[in-house]
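Readers should treat all values here as calculations from the given coordinates under stated rules, not as data from a laboratory. Fair warning: this is a prediction, and the values are worked out from it, not measured in the lab. With ideal geometry, Cβ positions are generated from the backbone for all residues, glycine too; neighbour counts draw on all protein chains shown.
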4 protein chains.
Amino acid sequence: MIRGHLLIAAILLLSAAALPQTTYINTIDIPDVAGYHTLKCDFHMHTVFSDGDVWPTFRVKEAVLGGLDALALTDHLEYQPRAEYVSKDRNAPFKLAQGDAAIAGLILIPGAEITRSMPPGHLNAIFVQDANALVKETWKDALTEAVKQGALIFWNHPGWGGQQPDHISRWYDEHSYLLSSGILKGIEIANHMEYYPDVFAWCLEKNVALFGNSDSHAPIDFEFGTGPERLRPITLVFARERSAASIKEAILERRTAVMRGRELFGEERWLKEIFEKSISFSTKSFALTGKAPGMSRVTNNSDLPYSLVLVQSDSSIWFPPEIELSAGSTAVFMVHAQSNSVSLARPVTATYEAKNLFTAPGKALKVVVEVDVVAKPKD
Amino acid sequence: MIRGHLLIAAILLLSAAALPQTTYINTIDIPDVAGYHTLKCDFHMHTVFSDGDVWPTFRVKEAVLGGLDALALTDHLEYQPRAEYVSKDRNAPFKLAQGDAAIAGLILIPGAEITRSMPPGHLNAIFVQDANALVKETWKDALTEAVKQGALIFWNHPGWGGQQPDHISRWYDEHSYLLSSGILKGIEIANHMEYYPDVFAWCLEKNVALFGNSDSHAPIDFEFGTGPERLRPITLVFARERSAASIKEAILERRTAVMRGRELFGEERWLKEIFEKSISFSTKSFALTGKAPGMSRVTNNSDLPYSLVLVQSDSSIWFPPEIELSAGSTAVFMVHAQSNSVSLARPVTATYEAKNLFTAPGKALKVVVEVDVVAKPKD
Amino acid sequence: MIRGHLLIAAILLLSAAALPQTTYINTIDIPDVAGYHTLKCDFHMHTVFSDGDVWPTFRVKEAVLGGLDALALTDHLEYQPRAEYVSKDRNAPFKLAQGDAAIAGLILIPGAEITRSMPPGHLNAIFVQDANALVKETWKDALTEAVKQGALIFWNHPGWGGQQPDHISRWYDEHSYLLSSGILKGIEIANHMEYYPDVFAWCLEKNVALFGNSDSHAPIDFEFGTGPERLRPITLVFARERSAASIKEAILERRTAVMRGRELFGEERWLKEIFEKSISFSTKSFALTGKAPGMSRVTNNSDLPYSLVLVQSDSSIWFPPEIELSAGSTAVFMVHAQSNSVSLARPVTATYEAKNLFTAPGKALKVVVEVDVVAKPKD
Amino acid sequence: MIRGHLLIAAILLLSAAALPQTTYINTIDIPDVAGYHTLKCDFHMHTVFSDGDVWPTFRVKEAVLGGLDALALTDHLEYQPRAEYVSKDRNAPFKLAQGDAAIAGLILIPGAEITRSMPPGHLNAIFVQDANALVKETWKDALTEAVKQGALIFWNHPGWGGQQPDHISRWYDEHSYLLSSGILKGIEIANHMEYYPDVFAWCLEKNVALFGNSDSHAPIDFEFGTGPERLRPITLVFARERSAASIKEAILERRTAVMRGRELFGEERWLKEIFEKSISFSTKSFALTGKAPGMSRVTNNSDLPYSLVLVQSDSSIWFPPEIELSAGSTAVFMVHAQSNSVSLARPVTATYEAKNLFTAPGKALKVVVEVDVVAKPKD
């Protein structure tokens, strides 16, 4: 978690005297699942080429040091407040950033934000060929061109206060059209500091991919802070390979989830295995006598905490009502026989709800904690 | 020291719904001295308009949140690697940033970097009227124009590896010319991660102002980190008022010092009073019996630590060989009689060297620590 | 906030070679109010002489380094689980600790915990003369002896789960007796990790002093952690002088309040002035044009945060709905005219509730924020 | 690294209402090597039963939460300054602590400190049967008894200022006797805040085990702090099993090393493999064109940092002069061809010195860094 900075390749090559000290990556450790790579992606970021604060190459540096696998720069096509001072070439961000991305091994996906009033609101096109060609009179024409180029379209921040002052996400006829015509491949359920529970439900119902993106304009750390409470959303993509093509395939097959601060949103098939692969017991077996306790040690190797609340447990063994497995930490919890007369020798289990992992709006993932107990009565 | 971010005024005005939460300023607490305001300034920063990573308004936000009083954006006049993508108007950074600076109460000083090979190397012109007019064939013409506009000129990073591969600062005839002609008003003794002791000596000898600036291209926190080891240099200006005019006057009268991480460089007249006004004793008086110790409590209210090493003390009272007064902390140190037979009732003093405060290269500031002691012999 | 450690005087005197490096005090900065010193006190702590983990001198060291002014070691009189291994002399903790306390300038108050079943539960006697004499058959006899010695009595943790498994604080006839007989001078409204709102109401109704104490058995940092979420309660005593006698007088006159993590509990007469003396504006005056905002800078010099929520404000000027003034930080907030046609030149005020300062259970302190505005309409 | 606390079993059993929240262990992650378990041990700690500040059960709690595998409480046999207040039973610390140790899975080794003037100074006996029987007139008799009980003897802090005011470690005839008679099995090369390079050399020469212990009197965190600069020494024991017997066997076979803050001391056979098993590359293969760089990502999974300085490298590929692999971090470093005409396709290596890993006094461990390169000339 140590922070550093990465000198750009240009400086590196200028002078051996300016060669970089070691720098550090703030990795985001989430296990691979179901035979896929778990790629950490942000598909919605801005640069000076629309209304952002930073040059495209800076986005590459901060993404690499921030532990991302893939990035899309998606400047507004129609909102160009700095046109007096910067080029109107909508492909400039991608062109400028791709060299550093290649050196750093970052997957850079060409993109743009189709920026229209609601409905249909703002839509991101990623995997575009030529962003300039998407500058059209109507949003339909822009989307037609994007689809023609093989781009994927997702709907940005449906409940954004700038377009929905009451912060309510609304589904319009235009979105039904986008869905039924096969154009809409996903929706942001989290954007910047916001989370939209209703949109999470829509994605599950309508079978489109979940997205969570930063929509960052300033440097990420400036906008979201660096503390544990940081809410920056990312999209987890479960991809066959670490490549742009595999990301595209995964999105089309809805193999995504959303991580936002200490919360994870997605289908049980992903979340359950992420939890199970994150934790490992260093003390799991107990010889208990009477009600004397045993002390379990369990390590959470991931960068997600797990806040577990007991739902149901084996009747003879007491489990803690709550277990907090902080990210990257080894936790201790106690178990003990419910009475002095318990006699057993077998695995015992307890079912917990992981209160920060959601398989649907308001619905926490259920997980099982198992320990091996040999209990004998106290004389 | 809590970090936050500042929404730009434009966003603020767009929508009451987007109104900012409270944000925090990482103040740099250094006492005012000699009747002057101690202003924290960075006179050398870059934006996307030469080879920097950020938009001018971002520099205002980070300066305000970073506790600066004054800022100069000094993009390279002659090095314009992004001319294909951004405007060549050398006044653009100032024009774009001045609105936010006014709202935020930041003193924004128009500037530019005259970027030439060595000698004379890079020179900053601040308080310029029209940076575009400084684009000239020769550096002499550029300086003539700058002086005509009423600008102040200082020499940047004399020992920079990009121009002096052996990192040795060299004084050329060109610099003698600049000095004798009254053009050169100061030199950077610290720039980015570097400190030049020889240049510190030059400034004292030749009576020009000390400067220490970040020369930042990326966001400050990205480039220098946020930890206690952070080396970002700033120029302290001792100014009659908190205004651009007072800063100019102060530089002309050489009322500056340089702060770089935990080190301070400058004349004794400033440093001594900064030290004395930084610390306050909450326990300063002791009734000692024999060699039993008394415990002094002293608070360092500044953001500079003081690493004190004993030079000489009253012969009857023991003082610690080292006292570390961390920034913003209350420290404890012990004193006691040197023997059980000491009898006295008066202030006693010890002279320490503040090892991180330099009044000349390698020369630490001497400070006096005084406590009030009533000591009686042990029976 | 830098942590360190304090070598005991005995070691100090053994050898100049073992002389201590500077150590640091984690001061608790709360302003003095109403002409009184605000003393930070813990009147309820344990040592190895009942069921605690530490030697009495350690409590002195941790109290000094933890920023306390006064401390009472109050080991259980009747619960002595270690009598096989340690002395039964109930005065031992005070006798052992008083030497270091004197050197360190800590006010050490002799005390003991009268440890009885509920009712009346556990009662602390502080300012005792001879704790051994309080070992009696009945609690009434123990209290009679304590009162005879001039001790002050307060009731500990009325809602403690060890005696009230449902965590409900109950007022028994025994407590009515203690109150009407003038024996009971205060009650703990906060103890260890618990807070008892009902008890806060009792104290206000029945005119007894508020107490908040750690009841610590292990080292304080081990038991409560060192992070910002730390809940360790302390009693603030508003005392004429920094002395044991003044603390006693202040308690008898109910000049106390309770600080627990980021919360403060007490009468408005203390809390209001604590807030007002904690904050200082560095930017308070604004020249506003139309709806363009002004940026206020305000420093909270105390170690208490203030979480302000707007209740009412001047109709012409917009104030933020929420202002968070973190402890020891300089915050920024915006104000602006509610419309472009506002014209005024005067102080304007807003009333906020400080959501973490309680003048009664559930009742937040109201505070006023004032800024000086010269607003002129936008053309 | 999140800190917490562990309620003692007694409290746990008193009341389900007092059951502990999850607590966290500050694990010390050092890889197992050569088929052995790497156990983290402190064989020298004090309690209130000599001159320490804490009760024996507290040492168990702090050891478990501090990530130790094994602990010896070694109170002074002859220095009993608190005999007026605590039992003189030298077995009391072990007896009192063993219950909690069993529940927590901590290996508690019975021990005592034979506390004599120099020579021979202080000697620890661990694996004693009855510490009371070691209280003898002469140190020889004490050792004879210890050996009779099957104890292991090691020499404590040879350079301690309390016995060697000039801090020089001296080898006396008495130590030659202890060595030649087979009594002396090891020596502390690090104790408390001190490190003795000469003693490290003695251990290697004389074939006795290396020890590094805290000699802690106060709580560990109070004495050593919790920051990254913390210098608390521990002994690493390379043991067949996680048991007391295996620890004894390992010491006899000199399978130990010493960790102290960010430094590691021991034989190359341990240190080399610790380094190699600590690091893993996530990017190790590069396709380089001309002098364009490749960016390597390497994770240090251990709690030891590695400060690498280049000694020698493949002539065609540039490696960084320094690589800092911080504990628990993923670092980035660059490699590139030394010229634009390099053509190769094979693993290339560089030899570095790990400046904080010592195989003898002043002798840094050499390690090899290997990357896979396909380099082609730039056109």
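As a proxy for reagent exposure, ranking D:173, D:89, B:69 by other Cβ atoms within 10 Å from fewest up yields D:173, D:89, B:69. The DSSP beta bridges internal to chain D are antiparallel in roughly 70% of cases.
Distance from the Cα centre of the stretch C:203-233 to that of the stretch C:307-375, in angstrom? Computed from Cα coordinates, the inter-centre distance equals 31 Å. Tell me what the protein assembly as shown gives for mean residue ellipticity at 222 nm when only DSSP H runs of n ≥ 4 count, each as -39,500 (n - 2.57), the sum divided by the residue total, rounded to 500 deg cm²/dmol. Helix contribution divided over all residues of the protein assembly as shown: -6000 deg cm²/dmol. Using a Gaussian network model of chain B in which every pair of alpha carbons under 10 angstrom is joined by a spring, one finds that among B:364, B:34, B:287 the greatest mean-square fluctuation is at B:287.
Inter-copy label distances at residue A:95, shortest first and taken from points set 7 Å along Cα to Cβ: 2.4, 8.5, 8.8 nm.
Highest GNM mean-square fluctuation among B:108, B:264, B:288, for chain B modelled with Cα contacts below 10 Å: B:288. In this entry, the stretch D:183-303 is assigned a mean projected area of 11.1 nm², taken as a quarter of its C-alpha convex hull surface. Distance from the A-onto-D rotation axis is smallest for the Cβ of the chain A residue given, in whole Å, as A:328, 4. The mean sequence separation of alpha-carbon pairs under 8 Å and at least six residues apart, normalised by the residue count of the stretch A:9-266, gives a relative contact order of 18 percent. Once a ≥ b ≥ c are taken as the square roots of the eigenvalues of the Cα gyration tensor of the protein assembly as shown, is the result rounded (a/c under 1.5), prolate (a/b larger than b/c) or oblate (a/b not larger than b/c)? Rounded, since a/c falls under 1.5. Distance between the 7 Å Cα→Cβ label points at residue A:170 and residue B:378: 8.5 nm.
For chain D, the equivalent ellipsoid derived from the alpha-carbon gyration tensor has semi-axes of 44, 25, 16 Å in decreasing order. Grouping the Cα pair distances of the stretch C:247-379 into 5 Å bins from zero gives a pair-distance distribution of 2, 10, 19, 20, 16, 12, 9, 6, 3, 2, 1, 0, 0 percent in increasing distance order. With both labels modelled 7 Å from their Cα along Cα-to-Cβ, the residue D:281 to residue D:243 distance reads 4.1 nm.
3J(HN,Hα) along the stretch B:331-338: 9, 10, 9, 9, 10, 7, 5, 6 Hz, from the Karplus curve 6.51 cos²θ - 1.76 cosθ + 1.60 with θ = phi - 60°, whole Hz, x for Gly and Pro.
Can you give the FRET efficiency to the nearest 0.05 for residue C:79 and residue C:177, using r as the Cβ-Cβ distance and R₀ = 22 Å?
0.40
Across identical copies of the chain, residue B:276 has label-point separations of 3.5, 6.4, 7.3 nm, listed in ascending order, with the point defined 7 angstrom from Cα along Cα→Cβ. Take residue A:249, push a point 7 Å out from Cα through the beta-carbon direction, and compare it with the same point in every other copy: 5.1, 7.2, 8.4 nm, smallest first. Is the stretch C:298-349 best put as rounded, prolate or oblate by its Cα gyration tensor, with a ≥ b ≥ c the root eigenvalues, rounded for a/c under 1.5, and otherwise prolate when a/b is larger than b/c, oblate when not? In terms of gyration-tensor shape, prolate.
For chain C, the residue among C:302, C:331, C:212 whose Cα projects farthest onto the positive side of the dipole built from Cβ charges is C:331. Arranged from fewest to most other beta-carbon atoms within 10 Å of their beta carbon, B:167, A:336 become B:167, A:336. Using R0 = 22 Å, the C-beta based FRET efficiency linking residue B:147 and residue B:273 works out to 0.05. For chain B, excluding the exposed loop sites themselves (GluC sites (Glu not before Pro), DSSP loop, at most 14 other Cβ atoms within 10 Å), the longest remaining stretch covers B:254-379. Cβ crowding within 10 Å ranks A:107, B:126 as A:107, B:126, fewest other Cβ atoms first.
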